[in-house]
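What follows is a set of notes on a single structure, which appears directly below.
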Amino acid sequence: MEVLGQCSTTKARFGKLSLPHQVVDTPVFMPVGTQGTLKGLIPEQLENIGIQIILGNTYHLGHQPGEEILKQAGGLHQFMGWRRALLTDSGGFQMVSLIKLSELSEEGVKFVHPRDGAEMLLTPEKSMAIQNAIGADIMMQLDDVVTSTETNQERFKEATARSVRWLDRCISAHKRTDQFLFPIIQGGLDEELRKQCLHEMTARPVPGFAVGGLSGGECKDDFWKMVTVSTDGLPKDKPRYLMGVGYAADLIMCVALGCDMFDCVFPTRTARFGSALVPTGQLQLKNVSYATDMSPIQNDCTCTTCRTYTRAYLHLLFRTSHPSACHMVTVHNLMYQFTLMRKIREAISEDKFPEFIKTSYLQLFGNPSKYPSWAVDAFASVGVNLK
């Protein structure tokens, strides 16, 4: 990763990440296309918005269409018609999301698929084989994932040590030179355990790092402190990917704490429930108050939805359960996220990021008295007095 500049106050930086299919501007938000698609959108629409990199999920793609079909198709890029960068999760997160349908051992994790009951033993070697078949520009190691709200500290110690061992197995099993393999920093909410994991994983010859084991329901004070511990221990010349973060307030804060890459289902999933993202938060377009509102979702937004349709029209589509409603709001929400990250990069490049933080938080929360204490403390840790 080429770091082009850094904020003189915070740990924020901007740069370019050169990948086989795309040079990605960072900091970047990456939309999630779990099964090789973002619901309701085609790749051309993502390109028109400006999206440079999206996600796929190894477990779900390994189940359907499966490794062999992906090989026959020439990889996921060819299969889905996406010309830009891809990142794949390893399948480790399903150890949390499908915990009642999984069985963990040192060999790997055995899943029972929730829909058809099919069994899959996902080992580090199998995860690498599926991800090599997918052909994503960036692939994740298989890690032992524990929900951040787990109370058994011994389980965190076991998972962290196993994640290091599984990383070594992933490195050995990785068969392609045109895919970047990232380790995933674990350690739960234990600062020393996370530092141990950082020490081990940064000693491996890898091109970048993911920060995992967070955004799972832990309190925000613990969250930001573990993000800080993680970025403090990572190399300055390699990308830092914070997994599972997508709210605007969190994105701005975690860029300030030194993260470069983010993903989350939030902007696309919330669109399907009628919520449109705007600088002041969210608009719930199903609310009757929008039935006669002839303004666009956001006046200064350049997406096709805002250029063409009114809140009243979108309200009608949601009220009648028309599938195009989800599509239109998804387009807007992705443009909102893309524009937010572009403005963050511009603010860092102009060394005006602290001012951008204050303006954005005032828009989001309306009044400094409403700022959450965790955000105030997090920004103070990097030299920004939010109030």
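The values are calculated or read from the model by the stated rules, or taken from the named source; none is laboratory data. Keep in mind it's a predicted model, so treat the numbers as computed, not measured. Ideal geometry is used to build each Cβ from the backbone, glycine not excepted, and the neighbour counts take in all protein chains shown. Only protein heavy atoms, including side chains, enter the accessible area calculation; ligands, DNA and RNA are left aside. Shrake-Rupley method; radii C 1.70, N 1.55, O 1.52, S 1.80 Å.
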| query | Over all pairs of distinct alpha carbons, what does the Kirkwood formula give as the hydrodynamic radius of segment 181-231, in Å? | reply | 11.1 Å
| If you stretched the chain out fully between E346 and E68, how much longer would it get, using 0.36 nm times the residue separation minus the C-alpha to C-alpha distance? | 95.8 nm
| query | Under a Cβ-Cβ cut-off of 11 Å, what is the net charge of the residues other than E47 that fall near it, where Lys and Arg count +1 and Asp and Glu count -1? | reply | +1
| query | Taking the highest mean first, how do the peptides 359-370, 302-313, 26-37 order by number of other beta carbon atoms within 10 angstrom per residue? | reply | 26-37, 302-313, 359-370
| task | Determine the calculated [θ] at 222 nm for the chain from helices alone, applying -39500 (n - 2.57) to every DSSP H run no shorter than 4 residues and normalising by the residue count; nearest 500 deg cm²/dmol. | result | -12000 deg cm²/dmol
| When the C-alpha atoms of segment 83-209 are aligned to their principal axes, what extent does each axis show, in angstrom, from largest down? | 42, 40, 25
| message | Among DSSP bridges having both ends in the chain, what percentage is antiparallel? Round to the nearest 5. | response | 50 percent
| Per-residue HN-Hα couplings for segment 178-188, Karplus 6.51 cos²θ - 1.76 cosθ + 1.60 at θ = phi - 60°, whole Hz, x for Gly and Pro? | 9, 10, 8, 9, 9, x, 10, 5, 10, x, x
| If R0 is 41 Å, what FRET efficiency do you get for K16 and S289 from their C-beta distance, rounded to 0.05? | 0.40
| task | Determine the per residue accessible area of the chain with all protein chains present and a 1.4 angstrom probe, expressed in square angstrom. | result | 42 Å²
| query | Per the 1.4 Å probe, what fraction of the accessible area of the chain, in percent, lies on carbon and sulfur atoms? | reply | 51 percent
| Which three extents, in whole angstrom, do the alpha-carbon atoms of the chain cover along their principal axes, largest first? | 58, 47, 39
| Plugging the Kirkwood radius over Cα pairs into Stokes-Einstein for segment 238-281, at a temperature of 25 °C and a viscosity of 0.890 mPa s, what D comes out in µm²/s? | 217 µm²/s
| query | Taking a spot 7 Å from the Cα of T304 along the direction of its beta carbon, which residues of segment 321-342 have an amide N less than 14 Å from it? | reply | 324-335
| task | Set the Förster radius R0 to 22 Å, insert the Cβ-Cβ distance between T177 and K236 as r into 1/(1 + (r/R0)^6), and round the FRET efficiency to 0.05. | result | 0.35
| Most fluctuating residue given options R165, R240, R319, as computed from a GNM of the chain linking Cα atoms under 10 Å | R319
| message | Using a Förster radius of 35 Å, what is the FRET efficiency between L362 and H60 based on their Cβ-Cβ separation? Nearest 0.05, please. | response | 0.30
| note | Taking N as the residue count of segment 235-387, its alpha carbon Rg divided by 2.2 N^0.38 Å gives 1.13
| task | Multiply the residue gap between T37 and N152 by 0.36 nm, knock off their C-alpha separation, and tell me the result in nm, one decimal place. | result | 37.7 nm
| Tally Lys and Arg at +1 and Asp and Glu at -1 over the other residues with C-beta under 12 Å from the C-beta of L242: what net charge comes out? | -2
| Rg to Rh for segment 1-114: what is it, with Cα atoms only and Rh by Kirkwood? | 1.05
| remark: Taking 0.36 nm per residue of separation between S102 and A380 and subtracting their Cα-Cα distance, the length gained on full extension comes to 96.0 nm
| request: Would you kindly calculate the translational diffusion coefficient of segment 201-301, applying Stokes-Einstein with the Kirkwood radius from alpha carbon pairs, for 37 °C and a viscosity of 0.692 mPa s, and quote it in µm² s⁻¹ without decimals? | output: 208 µm²/s
| message | Given bins 5 angstrom wide, list per bin the percent of all Cα-Cα distances in segment 1-60, short to long. | response | 4, 16, 21, 20, 17, 11, 7, 4, 0
| request: Using per-residue counts of other Cβ atoms within 10 Å, averaged over each peptide, order 200-209, 221-230 from highest down. | output: 221-230, 200-209
| query | When only C-alpha pairs under 8 Å and at least 6 residues apart count, what is the relative contact order of segment 1-96, in percent? | reply | 24 percent
